[in-house]
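Below: the structure, in structure tokens.
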Amino acid sequence: MKLAVINFSGNVGKSTIARHLLAPRIPRCEVIAVESINADDAQGKTVRGRQFAELQEFLQTASNVVVDIGASNVEELLQLMQRYQGSHLDFDGYIVPTVPARKQQQDSAATLAELARIGVPANRVRLLFNQVNDDGPVERVFETLLAYCKASKAVEPRLAACLRYNEIYALLRGTDRSLKALAADPTDYKQLIAQASSTGEKVALAQTLATNRLARGVLPELDACFDALDLQSLLFEGLVSDAPPQLVF
């Protein structure tokens, strides 16, 4: 499974989605960051947009990979896809994260339009509604973008492919900690807090406990969002060659 996480806009959570949603749920998956001036917590190997030939070579040999395309490189990379005809089909799927802000929704529509223009089939595109407030129905918050999707048919929106705002992602930015490892941490932090000898130590342990609880709380939402993306249907549609390993749900 080879996926591109892409949007003309920054600040839509591309790196978070690549690192915390997609890669942990795809067997032996590597995350590649196409370098961006706006990159936040991208992990793994980095390839600049102008090194597209090298990226293509890597995609031919990799089994499972998520490519996090920084906003400053999207336009260049899409232009290179046109130069290397057929290269847009090297990706089995394109994940387009979007957030409620009007500009980001407009940029998301532009991204969908450009993917369609260069020949990416609509059934290879997935729209992901990110950073949605708890009290905001997706249908209302993204009304304008959903209207564009209906008119253009650039993608069939899956409203359940949605992630609510959660401070856990900001807490993990710039670290190599995984949500799954945090959630599985068996440490009894309440006992450690009770035994701590200083206020500073108690506060640090309390912060770790809070982060651990956030991680446990957000994992079911990530699982549900991954299921809603229905990436396995790409396999069923015969879009993936050489029979890569099955996804882990």
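The values are calculated or read from the model by the stated rules, or taken from the named source; none is laboratory data. Fair warning: this is a prediction, and the values are worked out from it, not measured in the lab. We place every Cβ from the backbone using ideal geometry, glycine too, and count neighbours over all the protein chains shown. Calculation scope for accessible area: heavy atoms of the full protein, side chains included, ligands and nucleic acids excluded. Shrake-Rupley method; radii C 1.70, N 1.55, O 1.52, S 1.80 Å.
Some points to look at:
- Applying the criterion of being farther than 25 Å from residue 220 by Cα and assigned to a helix (DSSP H, G or I) to the residues of segment 150-176, the residue that is most open to solvent (accessible area, probe 1.4 Å) is 150.
- Scanning segment 18-30 for residues that are in a helix (DSSP H, G or I) and either touching a strand residue (DSSP E or B) at 6+ places or on another chain (Cβ under 9 Å) or within 14 Å of residue 170 (Cβ to Cβ) (or both) yields 18, 19, 20, 21, 22, 23.
- Checking each residue of segment 46-54 against the condition of being more than 29 Å from residue 227 (Cβ to Cβ), at pLDDT below 95, within 18 Å of the chain's Cα centre (by Cα) and open to solvent by less than 60 Å² (accessible area, probe 1.4 Å) gives at least one match.
- Close Cβ contacts (under 9 Å, 6 or more residues apart or on different chains) running from residues in segment 147-175 that are over 16 Å from residue 21 (Cα atoms) and at pLDDT below 95 to residues that are assigned to a loop (DSSP other than H, G, I, E, B) and among the small types (Gly, Ala, Ser) are absent.
- Residue count for segment 66-82, restricted to those that are over 30 Å from residue 133 (Cα atoms), in contact (Cβ under 8 Å) with a residue 12 or more places away in the chain and of a type outside the set (Asp, Glu): 5.
- Index of the failed condition, residue 147 passing every other in (1) open to solvent by 70 Å² or more (accessible area, probe 1.4 Å); (2) closer than 30 Å to residue 7 by Cβ; (3) part of a helix (DSSP H, G or I): (1)
- When 72, 63, 15 are checked against the criterion of being at pLDDT below 95 and assigned to a loop (DSSP other than H, G, I, E, B), a single residue qualifies: 63.
- Take the conditions (1) over 14 Å from residue 129 (Cα atoms); (2) over 18 Å from the mean Cα position of the chain (by Cα); residue 102 misses just one of them, which is (1).
- For segment 77-109, a residue qualifies if it is surrounded by 16 or more Cβ atoms within 10 Å (Cβ to Cβ), assigned to a helix (DSSP H, G or I) and not acidic (Asp, Glu), and the qualifying residues are 77, 78, 80, 81, 87, 88, 104, 105, 106, 108, 109.
- Answer residue from segment 124-140, given it is assigned to a helix (DSSP H, G or I) and either touching a Gly at 6+ places or on another chain (Cβ under 7 Å) or open to solvent by 40 Å² or more (accessible area, probe 1.4 Å) (or both) and is farthest from residue 93 (Cα to Cα) among those: 140
- Extreme residue, least open to solvent (accessible area, probe 1.4 Å), among residues of segment 182-209 that are within 24 Å of residue 220 (Cβ to Cβ), of a type outside the set (A, V, I, L, M, F, W, C) and in a helix (DSSP H, G or I): 189
- Residue 120 passes every criterion in (1) among the hydrophobic types (A, V, I, L, M, F, W, C); (2) part of a loop (DSSP other than H, G, I, E, B); (3) over 21 Å from residue 65 (Cβ atoms); (4) open to solvent by less than 30 Å² (accessible area, probe 1.4 Å) apart from (3).
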